[in-house]
1. Scan the strands (runs of 3 or more DSSP E) fully inside segment B:1-100 and keep the ones with 2 or more residues being among the hydrophobic types (A, V, I, L, M, F, W, C).
2. Under the condition of being more than 14 Å from the chain's Cα centre (by Cα) and in a strand (DSSP E or B), which residue from segment A:12-30 is farthest from B:G41 (Cα to Cα)?
3. For A:G103, state whether it is within 14 Å of chain B (Cβ to nearest Cβ), among the small types (G, A, S), free of Cβ contacts under 8 Å to residues at least 60 places away in the same chain and surrounded by fewer than 17 Cβ atoms within 10 Å (Cβ to Cβ).
4. Return the residues of segment A:73-94 that are crowded, with 21+ Cβ neighbours inside 10 Å and under 17 Å from A:D29 (Cα atoms); say none if nothing qualifies.
5. If you take the residues in segment A:30-51 that are among the hydroxyl-bearing types (S, T, Y) and at the interface with another protein chain (Cβ under 7 Å from one of its Cβ atoms), which one is surrounded by the most Cβ atoms within 10 Å (Cβ to Cβ)?
6. Kindly evaluate A:A56 against the criterion of being crowded, with 21+ Cβ neighbours inside 10 Å, part of a strand (DSSP E or B) and of a type in the set (A, V, I, L, M).
Amino acid sequence: DSGVTQTPKHLITATGQRVTLRCSPRSGDLSVYWYQQSLDQGLQFLIQYYNGEERAKGNILERFSAQQFPDLHSELNLSSLELGDSALYFCASTARYRGGFYGYTFGSGTRLTVV
Amino acid sequence: QQQVKQSPQSLIVQKGGISIINCAYENTAFDYFPWYQQFPGKGPALLIAIRPDVSEKKEGRFTISFNKSAKQFSLHIMDSQPGDSATYFCAASLNYGGSQGNLIFGKGTKLSVKP
């Protein structure tokens with residue numbers, strides 16, 4: 001268990017629908033990052049939150065949005081879903097790595113299948 | 001300029017051999033270079049990381065070699081074992097402020113170690 005909790009683990013939904021993915025970061029970690037992993041695109045950065053504020057945006061579609069709540073958990077909202085949105089969605093939070101660098105700790109991901 | 005290029009896409013190595021995975025980057029402002037290991041069904045896990053002021057870092061059987069002038073870095077896995085079979089991702093990021101910037105990942109290398 002990495003300490004980053006993602007729910008649900010699997011999600012199957014129809015095109016046009018909206019889903020919410022949830023992430024609880026490691027205790028004490030203030031930053032949450034969302035990544036999308038697909039076979040052809042690898043790990044694509046979507047968005048980062050730091051202590052409740054949006055910090056950076058990557059290749060996130062306008063149909064997608066996220067927020068980080070006061071208790072530091074984060075939610076990724078995906079709407080008007082298309083077949084191409086089927087992917088693994090990972091959440092990560094920053095962790096102190098031995099040597100003083102900051103590394104990500106990833107959750108186990110949510111596998112989204114759009115049918 | 002934000003890309004990290006990783007090669008090879010896949011690698012087959014005999015047990016006991018050396019696995020070598022290479023990455024190249026363009027943005028000279030990157031200052032943190034981690035490697036992640038991902039097993040099927042799991043999130044990526046931090047393996048080892050390096051800062052550009054160091055040319056080599058070794059942890060057990062894993063070594064990062066870093067060539068700042070060539071903007072390249074590589075992962076060497078010595079005495080490769082079947083348990084090392086996984087997908088490996090290199091990454092790079094900028095550290096700014098008090099929060100680490102988002103990681104830019106390479107597309108991954110699928111390593112298979114044959115017994």
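1. B:10-14, B:19-25, B:33-38, B:45-50, B:62-67, B:72-77, B:86-92
2. Across segment A:12-30, the extreme among qualifying residues is A:T13.
3. Judged against the criteria, A:G103 is not a match.
4. A:S74, A:F90, A:C91, A:A92, A:S93, A:T94
5. Per the stated criteria, the residue is A:Y33.
6. No; evaluated as a whole, the condition is false for this residue.
The rows are residues; the columns are (1) over 30 Å from A:N51 (Cβ atoms); (2) aliphatic (A, V, I, L, M); (3) touching a residue at least 24 places away in the same chain (Cβ under 8 Å).
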| site | (1), (2), (3) |
| --- | --- |
| B:Y32 | no, no, yes |
| B:A45 | no, yes, no |
| B:I48 | no, yes, yes |
| B:F62 | yes, no, yes |
| B:S65 | yes, no, no |
| B:K71 | yes, no, yes |
| B:H76 | yes, no, yes |
| B:A86 | yes, yes, yes |
| B:A92 | no, yes, yes |
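Rundown of residues vs (1) under 15 Å from B:C90 (Cβ atoms); (2) within 14 Å of chain A (Cβ to nearest Cβ); (3) surrounded by 14 or more Cβ atoms within 10 Å (Cβ to Cβ), yes/no style:
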| site | (1), (2), (3) |
| --- | --- |
| B:Q9 | yes, yes, no |
| B:I12 | no, no, no |
| B:I18 | no, no, no |
| B:F30 | yes, yes, yes |
| B:P40 | no, yes, no |
| B:A45 | yes, yes, yes |
| B:R51 | yes, yes, yes |
| B:K58 | no, yes, no |
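We did not get these values from a lab; they are worked out from the coordinates using the rules stated. As the structure is a prediction and not an experimental result, all values here were calculated from the model. Cβ coordinates were reconstructed from backbone atoms using ideal geometry, including for glycine residues, and neighbour counts include every protein chain displayed.
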